[in-house]
There are 2 protein chains.
Amino acid sequence: MLFDDAYFMREALKEAHYAFEEEEIPVGAVVVLRNRVIARAHNLTERLHDVTAHAEMQAITAAANHLGGKYLVDCTLYVTLEPCVMCAGALYWSQISRVVYGASDVKRGFSRLHDPLLHPKTEVVGGVMGEECAGLMLEFFNRLRQ
Amino acid sequence: MLFDDAYFMREALKEAHYAFEEEEIPVGAVVVLRNRVIARAHNLTERLHDVTAHAEMQAITAAANHLGGKYLVDCTLYVTLEPCVMCAGALYWSQISRVVYGASDVKRGFSRLHDPLLHPKTEVVGGVMGEECAGLMLEFFNRLRQ
């Protein structure tokens, strides 16, 4: 199948590579509606001096802008790293249908919490191309240490 | 004392009134550094069709922009309603020193969760001018029902 989760995660990974090249923690995201990418974004917290500029937050804003409405029902967010609490909170408000992430974030990922943060109607899939997504993060932090 | 928490909460309430006039859920926020307001914002989720446009999120971005750095150490956020999970997650990343809120949000406030969401170094004060802040919310929702 052409348009499977791995296909769109590769699109999110392209965004993560842009972040990497810009010396940002390499996280990328896309929002997909009926097999069409309607928003792309990558982490820009350093360039914008803004802790809210995570890939997911920008992708949510861009997708809502594209749709002309704030709810992302029927949309799927693909993101290379498990969303943090802030992004999970934003995804809750958006009522997005699906969240697919690559690498787990054992330190700041939303799923480490006891409380459920996403909307009960939101389906979550983790680990899609997880090794590739985690590998890019590791490469970034290894370079920082050199 | 002139510059106490009630003084700055009144500034946040002014912002909440702007939201009210624009038919947005009336929540306002200011960020204060050494008794100076460095950022002001009010909820714009309807006008911008954007679930991330809470008063707090915009105030965090504006304050970081003012400071030229993403961390809000030594700053205090005053917000008329208890922050939600998204905003608490953003406040965590900002490492803000203090969060002062007015009305409690028993449904979506961050403190209803079992997990601590804010940074351990962040001091939290709730209920400052709580009646005025809650009263404005009630007035808004009563009008909607009419």
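Brief remarks on what is shown
- Calculated label separations, B:GLU23, copies of the chain, 7 Å along the beta-carbon direction, nm: 4.7
- Shielding by partners for peptide A:92-100, expressed as the average number of C-beta atoms from other protein chains within 10 Å of each residue's C-beta, is 2.
- The equivalent ellipsoid that matches the C-alpha gyration tensor of the protein assembly as shown spans semi-axes of 33, 22, 16 angstrom, in descending order.
- Between B:ARG40, B:ARG98, B:ARG108, the GNM of chain B built on Cα springs shorter than 10 angstrom shows B:ARG108 fluctuating the most.
- Three-way shape label, region B:1-63, alpha-carbon gyration tensor, a/c 1.5: oblate
- Mean separation of Cα contacts under 8 Å, 6 or more apart, over the residue count of chain A: relative contact order %: 21 percent
- Put in order of Cβ neighbour count within 10 Å, fewest first, the listed residues B:PHE110, A:PHE141 become A:PHE141, B:PHE110.
- Rg to Rh, two decimals, where region B:26-135 supplies the alpha carbon set and Rh follows Kirkwood: 0.93
- Whole-Å distance, taken between Cα centres, linking region A:73-92 and region B:48-115: 18 Å
- Qualifying lysines (Cα of each under 24 Å from Cα of B:LYS121; at least 8 residues distant if same chain): A:LYS107, B:LYS70
- Sorted by Cβ density within 10 Å, fewest first, the residues B:MET9, A:MET129, A:MET86, B:MET137: B:MET137, A:MET129, B:MET9, A:MET86
- Selected from B:TYR101, B:TYR78, B:TYR92 as most flexible by GNM, with chain B as the system and alpha-carbon contacts under 10 Å: B:TYR92
- Nearest-first distances (nm) between copies at B:GLU131, label 7 Å from Cα via Cβ: 6.4
- Ranked list, fewest to most other Cβ atoms within 10 Å of each Cβ, for B:LYS70, A:LYS121, A:LYS14: A:LYS121, A:LYS14, B:LYS70
- Using a cutoff of 8 angstrom between alpha carbon atoms and counting only pairs six or more residues apart, the relative contact order for region A:48-94 works out to 48 percent.
- Computed over the Cα atoms of region A:72-146, the ratio of the radius of gyration to the Kirkwood radius (Rg/Rh) comes to 1.03.
- Mean-square fluctuations from a GNM of chain B, with a 10 angstrom spring cutoff on Cα atoms, peak among B:ASP105, B:ASP74, B:ASP50 at B:ASP50.
Each value in this text was obtained by applying a stated rule to the coordinates, not by laboratory testing. Note that the structure is a prediction, hence the values are computed from the model and not measured. Here Cβ is always computed from backbone atoms with ideal geometry, including for glycine, and neighbour counts include all displayed protein chains.
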